[in-house]
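Beneath this line is the structure, given in C-alpha cells, with notes to follow.
The values are calculated or read from the model by the stated rules, or taken from the named source; none is laboratory data. These numbers come from a predicted model, not from an experiment. Cβ coordinates were reconstructed from backbone atoms using ideal geometry, including for glycine residues, and neighbour counts include every protein chain displayed. The accessibility values were calculated without ligands, DNA or RNA, using every heavy atom of the protein model including side chains. Shrake-Rupley method; radii C 1.70, N 1.55, O 1.52, S 1.80 Å.
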Amino acid sequence: MKPRQVATGLAVLAVATAPMVLGEYQLSLLTYVGLSAIVALGLVLLTGKAGLSSFGQAAFVGIGAYVSAIATLRAGLSPWLTMPMALLATGCCAWVGALVMVRLSGHYLSLATIAFGTAMFFLFGGLDITGGQSGLSGLPPLMLFGFAFTRAMPNYAFVWLVVLGLIWALGNLLDSRIGRAIRALRDEAAMAEAMGVDIAAAKSAVFILSCVLAGFVGWFYAYFQRFVNPSPFSLAQGIEYLFMAVLGGANLLWGAVVGAGLVTLLKPLLQARLPELFGMSGNFESVVFGGVVILLFQFASAGLLPRLQSALGWSAIAAHAIDPAEPLAKRAVFLADGPALEVVGARKAFGGVIANVDVGLAVRSGEIVALIGPNGAGKSTFFDLVTGVTAADAGDFMLSGASIRGCSGCEIARRGVGRSFQHVRLIGDMSVIENVALGAHLRGRSGMLVAMLRLNRREEAGLLAEALRQLRRVGLDGLAWSEAGSLALGQQRIVEIARALAGDPRVLLLDEPAAGLRHQEKQILAGFLRELRAEGLAILLVEHDMDFVMGLADRVVVMEFGRVIAAGTPAQVQNDAQVQEAYLGSVA
Ligand code: ADP
Ligand code: MG
C-alpha cells in the first residue's frame with residue numbers, strides 16, 4: 001500500500017468513527033465542515049484546476065436554499081422533491097452566468113462574481129417571497145423511511161457520505177479525458193484548444209458543476225437549519241469559501257476538506273478567545289484570517305496540503321498500470337491527389353508589425369515541407385493562423401480542399417491538424433502519458449457524468465494505451481509516469497510530437513522540434529519523421545538547423561519579414577541568391 005492510500009484510508013476511518021466519540025455539538029460543527037467542504041470541492045475544480053476564481057459561490061448556496069425553502073413552504077413539497085429543483089435552479093443560473101463568464105477572464109471574472117454575490121445578497125434580503133431580512137422559517141427536517149433528521153448524527157452521516165462520494169467522483173472526473181482537459185484550462189487553454197478541447201464548453205461545464213454543488217449545500221442547509229435568512233449567503237461568506245479552498249490547497253480535492261475544516265473549526269474558537277485576549281469586542285478572527293492569507297502566499301502558495309505532501313516527498317502523480325485495450329479508430333486518409341494543406345494569401349498584422357503578408361504554401365500527404373527563415377520572419381505566426389490560435393486578417397486556408405478559414409482551433413484539430421509549439425506547452429505537473437493522452441481528446445466521447453461514475457474505463461484504457469503507443473514510438477515510454485515538467489527541454493519537445501500524433505492527425509505542424517536535441521537525437525528524430533512521411537502524413541516543420549532541414553525536407557519555403565521569398569527543393573533554395581543573402585549568407 002502506498003502512503004497516499006494509507007492516508008486516505010485513515011481519513012475515511014476518522015470520518016466513520018467520529019460519531020462514536022463525539023457529542024451533538026461537535027457533530028453539528030463537523031456537518032458544517034462537510035457542507036463547506038462540498039462548496040470548496042467545487043472551487044478546487046473551478047479555481048484550482050480551471051483557473052477561474054469565483055467569489056460568488058455563497059450566492060449559489062443561497063439560491064439552492066431559497067428555492068428549496070420556498071417550494072416546501074409555499075407548495076408543500078417534500079425535501080427529496082425540492083432537491084432536484086434546487087440543483088436545477090442553481091444549474092440554470094450557472095448556465096446563464098457561464099454565457100457571460102466564458103467571455104471574461106482574470107480580474108474581470110473575479111469582479112463579475114463579486115458583483116453577482118453582492119446583488120444576490122441584497123435580492124435575498126429585499127424580496128417578499130424570500131421573507132426579507134428575517135427570512136423563512138418553519139421548515140421540516142429531512143425524513144428518511146419515517147426517520148426524522150432532527151439529531152446531529154444522521155445529518156453528519158448524510159453530509160459526510162456525500163463528501164466522500166464526491167471526492168471519489170471528482171477524482172474519477174479529473175482522472176479522465178474531460179478531467180485532463182479541465183486541468184489544462186488554467187495554464188494552457190490555447191494548447192488544449194489545439195488538441196481539440198472546446199474551451200468555452202469545458203469552462204462552462206466546470207462552472208455549472210461547481211455551482212450545482214453549492215446549490216446542493218443550500219438545499220441541505222435549509223432543512224438542517226430549518227430556517228433560511230440572507231446572512232450565510234453574503235459576499236463575505238463567498239470569500240470565505242474561496243479562502244478555504246486556497247488554504248487547504250486549491251489543486252487537491254482533499255485540500256477542500258482540510259481548508260473547510262480549519263476555517264470552520266477555528267472560526268468559533270477565535271471568535272470566542274480573541275476578544276478575551278485583546279480585552280475588547282470585535283471581529284478579530286477576520287484579522288487573523290487576513291494575516292494567514294498573507295503568510296500562506298509567502299510560504300505555501302499552493303496551500304497547506306500540497307505543502308505537506310511535498311514535505312513528505314509524495315509525488316503528485318499516481319502511476320498505474322494501463323489496462324489492455326483495442327486500438328482506437330483512425331480517421332480516413334486524405335486523398336493523395338491535391339494538397340493536404342493549402343494556404344493562399346495569408347495575412348496577419350499585430351498593430352504596426354506585419355507578421356505575415358501574402359503567405360502561401362501547400363503540403364501534400366506523404367511530404368515534408370520545411371518552413372525556414374530568420375527569427376521574427378513570421379513562421380510561428382503562420383502556424384497559429386493555420387491552427388486557429390490567431391485569426392487571420394485575410395487568406396484562404398484549406399484542408400484537403402475544404403476551407404477551414406474562420407474555424408475554431410478545436411474544429412481545425414477535429415479535421416486533422418496536429419501541432420507542436422515553439423515554446424513547449426506541456427502541463428508541467430501532469431504525467432507525461434496524461435499530457436500525451438490530452439492529444440487524443442477527440443478520440444474519446446464520454447462526458448462528465450460517465451467519467452464521475454467511472455463508467456469510462458474502457459475508453460480511458462484505449463486513450464492511455466494510445467498515448468503509451470505514441471510514447472513508445474518516440475522512445476520515451478520509460479518516462480510515461482514522470483512529471484512532464486521534470487523532463488529535459490529536448491525531451492519535452494518530443495513529448496509534444498507524441499501528443500500531436502495521439503490525435504491521429506493528417507497534417508502535422510512542428511515548430512522547431514529539433515531545438516535542444518543533440519546531434520544523434522536529431523538523427524533519430526529525422527528517421528522518425530521519414531517514417532511518418534512514409535505513412536502518408538503531411539508534415540510542415542520550422543527548423544533552424546540547416547543540415548537537418550536540407551537532408552530531410554522534400555521542399556523548402558523561405559520566409560523573411562513576413563513574406564515568402566523563395567520556395568523549392570533544398571538544392572534550389574540553397575542556390576537562390578536572395579535566400580543566400582537574406583538567410584544563409586553566413587553559411588554560404
Ligand atoms: P518566427 O516564428 O519566424 O521567429 P514569429 O511569427 O514568432 O516569427 O513573429 C513574427 C513577428 O510578429 C515578430 O516581429 C513578432 O514580434 C511579431 N509577433 C508575433 N506574435 C505577436 C503577438 N501576439 N503580438 C504582437 N506581435 C507579435
Ligand atoms: Mg517561431
Please determine whether any residue of the range 484-491 is more than 16 Å from ligand 2 (Cβ to nearest atom), closer than 19 Å to Leu540 by Cα and surrounded by 21 or more Cβ atoms within 10 Å (Cβ to Cβ).
no
Of the listed residues (Ala553, Ala566), the one being aliphatic (A, V, I, L, M), crowded, with 17+ Cβ neighbours inside 10 Å and closer than 25 Å to Gly416 by Cα is Ala553
Check your understanding: Does Arg454 count as on the phi > 0 side of the Ramachandran plot, more than 16 Å from ligand 2 (Cβ to nearest atom) and open to solvent by 10 Å² or more (accessible area, probe 1.4 Å)?
Key -> yes
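Does the range 100-124 hold any residues that are modelled with pLDDT of 90 or more and either surrounded by fewer than 19 Cβ atoms within 10 Å (Cβ to Cβ) or among the β-branched types (Val, Ile, Thr) (or both), and which are they?
Of everything in the range 100-124, those that are modelled with pLDDT of 90 or more and either surrounded by fewer than 19 Cβ atoms within 10 Å (Cβ to Cβ) or among the β-branched types (Val, Ile, Thr) (or both) turn out to be Leu111, Ala112, Thr113, Ile114, Ala115, Thr118, Ala119, Phe122, Leu123.
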If you go through Gly401, Gly416, the only one that is away from ligand 1 (no atom under 15 Å from the Cβ), closer than 25 Å to Leu532 by Cα, surrounded by fewer than 19 Cβ atoms within 10 Å (Cβ to Cβ) and in contact (Cβ under 8 Å) with a residue 24 or more places away in the chain is Gly401
Checked the range 400-418 for anything touching a Pro at 6+ places or on another chain (Cβ under 9 Å) and in a strand (DSSP E or B); matches are Val417, Gly418
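Rundown of residues vs (1) surrounded by 19 or more Cβ atoms within 10 Å (Cβ to Cβ); (2) of a type in the set (Gly, Ala, Ser); (3) at pLDDT 95 or above, yes/no style:
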{"residue": "Gly48", "(1), (2), (3)": "yes, yes, no"}
{"residue": "Thr72", "(1), (2), (3)": "yes, no, yes"}
{"residue": "Pro79", "(1), (2), (3)": "yes, no, no"}
{"residue": "Pro84", "(1), (2), (3)": "no, no, yes"}
If you go through Phe561, Phe528, the only one that is within 16 Å of ligand 2 (Cβ to nearest atom) and not charged (D, E, K, R) is Phe561
When every residue in the range 382-420 that is under 14 Å from Ala192 (Cβ atoms) and of a type in the set (A, V, I, L, M) is compared, the one farthest from the chain's Cα centre (by Cα) is Ile412
Reported set for the range 55-96 where residues are closer than 29 Å to Ala112 by Cα and outside any helix (DSSP H, G or I) is Phe55, Gly56
Heads up, the helices (runs of 4 or more DSSP H) in the range 442-502 (entirely inside) with at least 3 residues that are over 23 Å from Ala526 (Cβ atoms) are 448-452, 457-473
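Would you call Ala236 part of a helix (DSSP H, G or I), small (Gly, Ala, Ser), surrounded by fewer than 24 Cβ atoms within 10 Å (Cβ to Cβ) and more than 20 Å from the chain's Cα centre (by Cα)? Talk me through it step by step, then tell me what you get.
Details: part of a helix (DSSP H, G or I): yes; small (Gly, Ala, Ser): yes; surrounded by fewer than 24 Cβ atoms within 10 Å (Cβ to Cβ): yes; more than 20 Å from the chain's Cα centre (by Cα): yes.
Against the criterion (part of a helix (DSSP H, G or I), small (Gly, Ala, Ser), surrounded by fewer than 24 Cβ atoms within 10 Å (Cβ to Cβ) and more than 20 Å from the chain's Cα centre (by Cα)), Ala236 qualifies.
Would you point out the residue of the range 222-233, among those that are over 30 Å from the mean Cα position of the chain (by Cα) and assigned to a helix (DSSP H, G or I), that is surrounded by the fewest Cβ atoms within 10 Å (Cβ to Cβ)?
Ser231
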Check your understanding: With respect to Val344, is the statement that it is more than 16 Å from ligand 1 (Cβ to nearest atom), β-branched (Val, Ile, Thr) and touching a strand residue (DSSP E or B) at 6+ places or on another chain (Cβ under 8 Å) true?
Key -> yes
Phe421 meets each of (1) outside any loop (DSSP other than H, G, I, E, B); (2) at negative phi with one exception, condition (1)
Of the residues in the range 517-547, those that are more than 16 Å from ligand 1 (Cβ to nearest atom) and either open to solvent by less than 20 Å² (accessible area, probe 1.4 Å) or not acidic (Asp, Glu) (or both) number 20
Condition set part of a loop (DSSP other than H, G, I, E, B) and crowded, with 18+ Cβ neighbours inside 10 Å, scope the range 370-389, selection farthest from ligand 1 (Cβ to nearest atom): answer is Gly388
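Answer yes or no: is there a residue in the range 357-369 that is in contact with a His (Cβ under 9 Å, 6 or more places away or on another chain), closer than 26 Å to Ala515 by Cα and either within 16 Å of ligand 1 (Cβ to nearest atom) or not in a strand (DSSP E or B) (or both).
No; the residues of the range 357-369 include none that is in contact with a His (Cβ under 9 Å, 6 or more places away or on another chain), closer than 26 Å to Ala515 by Cα and either within 16 Å of ligand 1 (Cβ to nearest atom) or not in a strand (DSSP E or B) (or both).
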Answer yes or no: is there a residue in the range 361-374 that is within 16 Å of ligand 2 (Cβ to nearest atom) and under 27 Å from Leu174 (Cα atoms). no
inquiry  = One residue is enough: does the range 140-154 have a residue meeting the conditions open to solvent by less than 20 Å² (accessible area, probe 1.4 Å) and modelled with pLDDT of 95 or more?
reply    = no
Every listed condition ((1) closer than 30 Å to Leu361 by Cα; (2) surrounded by 13 or more Cβ atoms within 10 Å (Cβ to Cβ); (3) without any contact (Cβ under 8 Å) to a residue 40 or more places away in the chain) holds for Pro275 save (1)
Quick check: is even one residue across the range 497-511 touching a residue at least 60 places away in the same chain (Cβ under 8 Å), within 16 Å of ligand 1 (Cβ to nearest atom) and touching a helix residue (DSSP H, G or I) at 6+ places or on another chain (Cβ under 6 Å)?
yes
Yes/no for Ala349 being modelled with pLDDT under 90, surrounded by fewer than 20 Cβ atoms within 10 Å (Cβ to Cβ) and at negative phi: no
Across (1) more than 16 Å from ligand 1 (Cβ to nearest atom); (2) open to solvent by less than 60 Å² (accessible area, probe 1.4 Å), Gly406 clears everything bar (2)
